[in-house]
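See below for the structure under consideration.
The values are calculated or read from the model by the stated rules, or taken from the named source; none is laboratory data. Source: prediction; values computed, not measured. Every residue, glycine among them, receives a Cβ derived from its backbone with ideal geometry; neighbour counts consider all protein chains shown. Each accessible area value is taken on the protein alone, full model and side chains, heavy atoms only, with ligands, DNA and RNA left out. Shrake-Rupley method; radii C 1.70, N 1.55, O 1.52, S 1.80 Å.
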Amino acid sequence: MSQILQQSINDLVSENFIRASVLYYMGVKFYDYKTETLKEVCLANGLNAESVIKSMELIVDEKPSTQAQLKAYPAELLVEYLKHSHYLFVKKRLPYMGQLIDSIGEVNFRYKSLSEDLKSIFPLFVEDFIHHIYEEEDTLFSYINNLSAFLNNSYSVSKIYQIMEKFSVKDFALDHEVHENEMDGFRKFTNNYQYCDEADLQIKVLYKELERFERDLLLHAKVENEILFPKAMHLERLAKLKFYENSKNILKLQIFMGRKIM
């Protein structure tokens, strides 16, 4: 432990770019401390050195839950899992990348123009991304939860009829294909996140974070396409069957009551 405490922040981040995010979530911007050691930074910011080191050692590049585990989730629990992923994207990952971009100062001449363009483009991407995921939560996720509630007798027949007339899982799935890789533009813009040896450490950290974010979004989309949508389609079929059965029973009751009155 004493060895890592004596390393400079610059060296620690250079060894593993993801350490920059660990420091960020603890309130430390790595580029503000280039020559200072981890011990000095912890003392300056009132951080427990042992906790910081453990957090750095636990970096596993945020591997997601296995698909086998997620397949065992009921649809409504899978929705909560995906909503939590949205929360992490919006509240942690996007602010961190935005901060990395905004704080880029003097860089190698090869990246000067690119860094200026990123400062203009990234806020627009964030706005569009947040709009997209909140729309997904308000429509698709809400629809799935309503289907589940109806099957559990917690949602009225008239209301489920109205929303099934308005929405369909198939339409959501087709629309999802259009938005599948929101990071495609950044990948092309940064030449597949490749940088030259002369690139500044901050550029290297940023490229790594953009690449990780794209990978996580693709995994997120895969969970939706391969697990959520099939489960949602099954729920929709069950809800339609239940609705038709209820409709037939109501019709039979009406006929019976009509005969009784006569």
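Working only within the stretch 187-221, note down all residues that are over 17 Å from Ile133 (Cβ atoms), among the aromatic types (Phe, Trp, Tyr) and open to solvent by less than 20 Å² (accessible area, probe 1.4 Å).
Within the stretch 187-221, Tyr193, Tyr207 meet the criteria.
So how many residues does the stretch 157-169 have that are open to solvent by less than 90 Å² (accessible area, probe 1.4 Å) and either at pLDDT 90 or above or closer than 12 Å to Ala232 by Cβ (or both)?
So the first thing to find is which residues in the stretch 157-169 are open to solvent by less than 90 Å² (accessible area, probe 1.4 Å), and the list is 157-158, 160, 163-164, 167-169.
Now narrow it down to the ones that are either at pLDDT 90 or above or closer than 12 Å to Ala232 by Cβ (or both): 163-164, 167-169.
Looking only at that region, the number is 5.
Can you find even one residue in the stretch 69-83 that is modelled with pLDDT under 90, out of contact with any strand residue (DSSP E or B) (no Cβ under 8 Å at 6 or more places or on another chain), polar (S, T, N, Q) and within 30 Å of Val223 (Cβ to Cβ)?
The answer is yes, given that some residue of the stretch 69-83 is modelled with pLDDT under 90, out of contact with any strand residue (DSSP E or B) (no Cβ under 8 Å at 6 or more places or on another chain), polar (S, T, N, Q) and within 30 Å of Val223 (Cβ to Cβ).
Which condition number does Lys83 fail, the rest of (1) buried (at least 18 other Cβ atoms within 10 Å of the Cβ); (2) within 26 Å of Glu214 (Cα to Cα) being met?
That leaves (1) as the condition not met.
Taking Ala20 as meeting all but one of (1) open to solvent by 60 Å² or more (accessible area, probe 1.4 Å); (2) closer than 25 Å to Phe125 by Cα; (3) among the aliphatic types (A, V, I, L, M), write down the number of the exception.
(1)
Yes or no, residue by residue, for (1) within 30 Å of Val13 (Cα to Cα); (2) among the β-branched types (Val, Ile, Thr); (3) touching a Pro at 6+ places or on another chain (Cβ under 6 Å):
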| residue | (1), (2), (3) |
| --- | --- |
| Phe141 | no, no, no |
| Asn146 | no, no, no |
| Leu151 | no, no, no |
| Ser156 | no, no, no |
| Val169 | no, yes, no |
| Leu206 | yes, no, no |
| Leu210 | yes, no, no |
| His220 | yes, no, no |
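Given (1) farther than 30 Å from Lys112 by Cα; (2) open to solvent by 50 Å² or more (accessible area, probe 1.4 Å); (3) modelled with pLDDT of 90 or more, where does Ser154 come up short, assuming only one miss?
Exception for Ser154: condition (3).
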